[in-house]
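To start, the structure under review is shown below, and the notes come after it.
The values are calculated or read from the model by the stated rules, or taken from the named source; none is laboratory data. The structure displayed is predicted, hence computed values, not measured ones. Virtual Cβ from ideal backbone geometry, glycine too; neighbours counted across all protein chains shown.
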Amino acid sequence: MVAVKEQDLHRIGFVATLGLFALLAFIFWLKGHNFRKDKVFTFYFENVNGLEEGSALRWHGLKIGLVKSIKPVLENIEKEPFPSETINQIGNKHLEEGKRLLQRSNIDDLVIAREKINQAQLELALAKSASKQHKIRKGRHVAIEAIVTTKKVPIGKLNQVTIVPSGLIGEQYVDLTTIKIDREFQNKFNYPEPRFISLEPIRLDSLIRVNLESSEAIKNLANRVNAVFTQEDVENIKNLIEEANGIVGDEQLQEDFKESVSNIKHISEDFSLWSLLKGSKK
């Protein structure tokens, strides 16, 4: 029988212990535990629009992490209110700057004006949303925990967060955008940790419903016009203008009449098209 040296026993024990720790670490990793000190942020939404655990977390389009968990809120939460009035002031300031630039004829100023106005409209919408987000309600909100795995991401003190799809109906992901704050307002947002204003995602079913309602409204308007303005009325007005055109000698006036006749003709064709469409649906 070969005797086992004490030194060999120590080596065997060390390897076994190391293997056990490796196995435990692997099991914890499979269960989603993270030994690194990654940043974890919590966002609150009323609707997550099909977002799933493991979905991407992006900052200005750059993937910086993933969604760790999505859970319903089980108790009411009171958070520190956002300075929504200050955000509103920032939006109004940029709106006025954009309007002033619109008065200029320089094309560069006009482009900047449009950017300012778009920025202002977003800021005013954020102010409206921020004023309601210090009260998180049980049974109404959903909590999303997201892990930032990319190091040194310059997430600012104030950010907007929303849920958007990859493409029209693709996989959902969480999108962060840091809001640039004017220097004169920075002291209002001196938070120890970044804060987030949630913008509820646009739901595809709501978008389709709005489009359908708009189509119905246009069709109803056309039907009402058809009920008042018949094909016979169109022909009568057309004939009247053509007769007047024949007896008027002014060339410019004749051109105006010709343009009117053309417009009436287009209207007549449009109404005929609507009649055909309605007839095809019967």
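Condition check: out of contact with any strand residue (DSSP E or B) (no Cβ under 8 Å at 6 or more places or on another chain), in a loop (DSSP other than H, G, I, E, B) and within 25 Å of residue 163 (Cα to Cα). Does residue 75 satisfy that? Criteria met by residue 75.
The test for being modelled with pLDDT under 90, within 20 Å of the chain's Cα centre (by Cα) and part of a helix (DSSP H, G or I) does not hold for residue 110.
Just one of 131, 166 is in the same structural domain as residue 70 (by TED's automatic domain parsing) and under 14 Å from the mean Cα position of the chain (by Cα); which is it? Going through 131, 166 in turn, just one is in the same structural domain as residue 70 (by TED's automatic domain parsing) and under 14 Å from the mean Cα position of the chain (by Cα): 166.
So that you can scan it fast, the table gives a plain yes or no per residue for (1) of a type outside the set (A, V, I, L, M, F, W, C); (2) on the phi > 0 side of the Ramachandran plot; (3) at pLDDT below 90:
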site	(1), (2), (3)
9	no, no, yes
18	no, no, yes
23	no, no, yes
30	no, no, yes
34	yes, no, yes
38	yes, no, yes
49	yes, yes, yes
52	yes, no, no
68	yes, no, no
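Would you point out the residue of the range 135-151, among those that are in a loop (DSSP other than H, G, I, E, B) and at pLDDT 90 or above, that is surrounded by the most Cβ atoms within 10 Å (Cβ to Cβ)? Restricting to residues being in a loop (DSSP other than H, G, I, E, B) and at pLDDT 90 or above, the top hit is 141.
Is it fair to say residue 152 is of a type in the set (Lys, Arg) and within 22 Å of the chain's Cα centre (by Cα)? Answer is no for this residue. Of all the listed residues (74, 57, 95), the sole one being closer than 30 Å to residue 151 by Cβ and modelled with pLDDT of 90 or more is 57. For the range 36-55, filtered to residues that are of a type in the set (A, V, I, L, M, F, W, C) and within 22 Å of residue 156 (Cα to Cα), the residue that is surrounded by the fewest Cβ atoms within 10 Å (Cβ to Cβ) is 40.
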